[in-house]
Amino acid sequence: MSAQPFPPLALLSVSDKTGLIPLAQALVQEHGFQLLSSGGTAKALSEAGIPVTPVSEHTGAPEILGGRVKTLHPRIHGGILARLERREDRADLEALGIPPIQLVVVNFYPFEQTVARAGVSLEEAFEQIDIGGPTLARAAAKNYPHVTVLTDPSQYPQYLQLLSSPSSEAERLAFRFQCARRAFEQVLAYDRAIVDYLTRSELSRPSQAPAPATAAEQVFQLQGIPWQRLRYGENPHQAATWYVVDAAAPGWHRAKQLQGKELSYNNLLDLEAARALAAELSIGLANGSKPAVAVVVKHNNPCGVAVRPTLAAALEAALAADPVSAFGGIVALNQTLDAETARQLAEPFLECVVVPGCTPEAAEQLAAKKNLRLLVLPDFEVGPAQTVRTLAGGFLVQEADRLQGSVRQPSWRVVSERQPTPEEWADLEFAWTVCKHVKSNAIVVARQGQTLGIGAGQMNRVGAVEIALRQAGSQAAGAVLASDGFFPFADSVEAAARAGIRAIIQPGGSLRDADSIAAANAAGIAMVCTGIRHFLH
């Protein structure tokens, strides 16, 4: 091919403008690119003093239909799709005076964020269906041998590094291929989000058809973007990869790891278990002012949980609840980590700590513990809407258990002769919430906003009761007990009575409820039946 008569050309059209200005400045000032853009992207570049050619000037065609049609033009897509190794494609470009486009930087209108808002109309949702963006991404990805497509701001630094370094053509081609794959993944995820929304929409069903009972009754598609190849899975002989559904949405991929080793498969599972419980206690027990919550998790079960007026006090109580199990544990705290709390974290051996924020003083306190993984998760209280479990030939999907344990439901009723005291009610709500996050069969003994004993994952309920009571020891006297399932016999209540338990909360519903209630009355125990079960497997 003859020498290229055009300067390198980049088309920038982004909704998420993260990293846009530094990227554009580097393209122009360091690598001699000419920039094409339109709409809000062009405005942002111009305001930053970066020279940019409007797409309408480049194509000779104005934006029409209120901006719906901007980049859908042969002068744009011819420049992107031209196969420069083919003589006939080069001839077309030369005959029409179309310069080839080497770089396309694009991301899409925020459709998912729009439809997630309460009360959004169908018209509003449809206006956020991007046409030009996915079309540009697909075109550039299809022609990856000649065009780089960047659909995620996280790709910008590597692209600039490749431009600046003496990289080989093989390296650059490999990068373009990975970017093309990522672009197709994001287009697929975008289209899937639109289909999911339309599936939920009233207009997508015949007028006489009943609405589906749950999202799980729809055709379920699970699409993930490979985020990180983990060292191994639950065990060293198992390969594992961390996938992300939507890089722009809240989740662990948005956490900032301030220090420590690379996260493992088991770390991520335990971090999510700790976060979920800390977040629920933070929301459910707020009552106008958010309490400080500390959760210690080991092998996906809480081993120490506490609610206190200050974060340092909550952590101290959570670690004291079961100091043996806390060794090598995962800690979740629901408030910004301060220096006083960090000093306590510096003492025991812990694998990970996750917080919604961290002061510089706290980070400095923990800097010496180089192996401790310290993470800041900004969207701390946002959890998954569904859970998915694989099985032979398929998978199971269910709605996440979002019924807050600490919020009294209409189904809750006192079935004993004695009513719980206000203090007992507070502890019952706390213990019931913790119990929801313990593997079944689950028993939690608690008092004054602190767990004293937890019986987790037992094959029979009385065994879980015995473990929790044994762990609580003499502190069980005057405490409360929560059970995630009903008592099939009175033996669990009788064991609780012998230990001095003063109040019990459980779902009820056993054929022998009357026996358990009678045992509670005989011991002067207040008993609440929730009518709600919180199994966790």
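Overview of results
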read-out	value
Of all residues in segment 189-227 being within 24 Å of N300 (Cβ to Cβ) and modelled with pLDDT under 80, the one that is surrounded by the fewest Cβ atoms within 10 Å (Cβ to Cβ)	L222
Restricting segment 139-176 to residues that are assigned to a helix (DSSP H, G or I) and more than 22 Å from A24 (Cα to Cα), the residue that is farthest from the chain's Cα centre (by Cα)	E169
Among residues of segment 89-128, those that are closer than 29 Å to E57 by Cα, open to solvent by less than 80 Å² (accessible area, probe 1.4 Å) and free of Cβ contacts under 8 Å to residues at least 12 places away in the same chain, counted	3
Residue in segment 32-45 that is surrounded by 12 or more Cβ atoms within 10 Å (Cβ to Cβ), at positive phi and of a type outside the set (A, V, I, L, M, F, W, C) present	yes
Residue identified as among the hydroxyl-bearing types (S, T, Y) and open to solvent by 70 Å² or more (accessible area, probe 1.4 Å) among T390, T359	T390
Filtered residue count, segment 494-507, keeping only those that are buried (at least 21 other Cβ atoms within 10 Å of the Cβ) and small (G, A, S)	3
In segment 457-485, residue most open to solvent (accessible area, probe 1.4 Å) [restricted to those that are at pLDDT 95 or above and assigned to a loop (DSSP other than H, G, I, E, B)]	A477
Per-region count, segment 403-430, residues under 21 Å from V296 (Cα atoms), in contact with a Gly (Cβ under 9 Å, 6 or more places away or on another chain) and either outside any helix (DSSP H, G or I) or touching a residue at least 40 places away in the same chain (Cβ under 8 Å) (or both)	6
Residues being open to solvent by 30 Å² or more (accessible area, probe 1.4 Å) and in contact (Cβ under 8 Å) with a residue 40 or more places away in the chain - total across segment 321-347	1
Verdict on R182 being within 31 Å of the chain's Cα centre (by Cα) and more than 13 Å from L103 (Cα to Cα)	yes
Count of segment 254-269 residues which are open to solvent by less than 20 Å² (accessible area, probe 1.4 Å) and in a helix (DSSP H, G or I)	1
Meets criteria (of a type in the set (A, V, I, L, M, F, W, C), more than 24 Å from the chain's Cα centre (by Cα) and surrounded by 24 or more Cβ atoms within 10 Å (Cβ to Cβ)) for A318	yes
Candidates S56, S46, S13, filtered to the one that is of a type in the set (S, T, Y) and in contact with a strand residue (DSSP E or B) (Cβ under 6 Å, 6 or more places away or on another chain)	S13
Residue list for segment 46-83, restricted to those being under 19 Å from V149 (Cβ atoms), open to solvent by 40 Å² or more (accessible area, probe 1.4 Å) and not in a helix (DSSP H, G or I)	K70, L72, H73, R83
Check on L230, farther than 27 Å from A189 by Cα, out of contact with any His (no Cβ under 8 Å at 6 or more places or on another chain) and open to solvent by less than 30 Å² (accessible area, probe 1.4 Å)	no
Qualifying residue in segment 377-390 (condition: more than 21 Å from K261 (Cα to Cα), part of a strand (DSSP E or B) and of a type outside the set (S, T, N, Q))	yes
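The values are calculated or read from the model by the stated rules, or taken from the named source; none is laboratory data. Fair warning: this is a prediction, and the values are worked out from it, not measured in the lab. Backbone-built Cβ (ideal geometry, glycine too); neighbour counts: all protein chains shown. Surface accessibility is based on the protein's heavy atoms, side chains included, excluding ligands, DNA and RNA. Shrake-Rupley method; radii C 1.70, N 1.55, O 1.52, S 1.80 Å.
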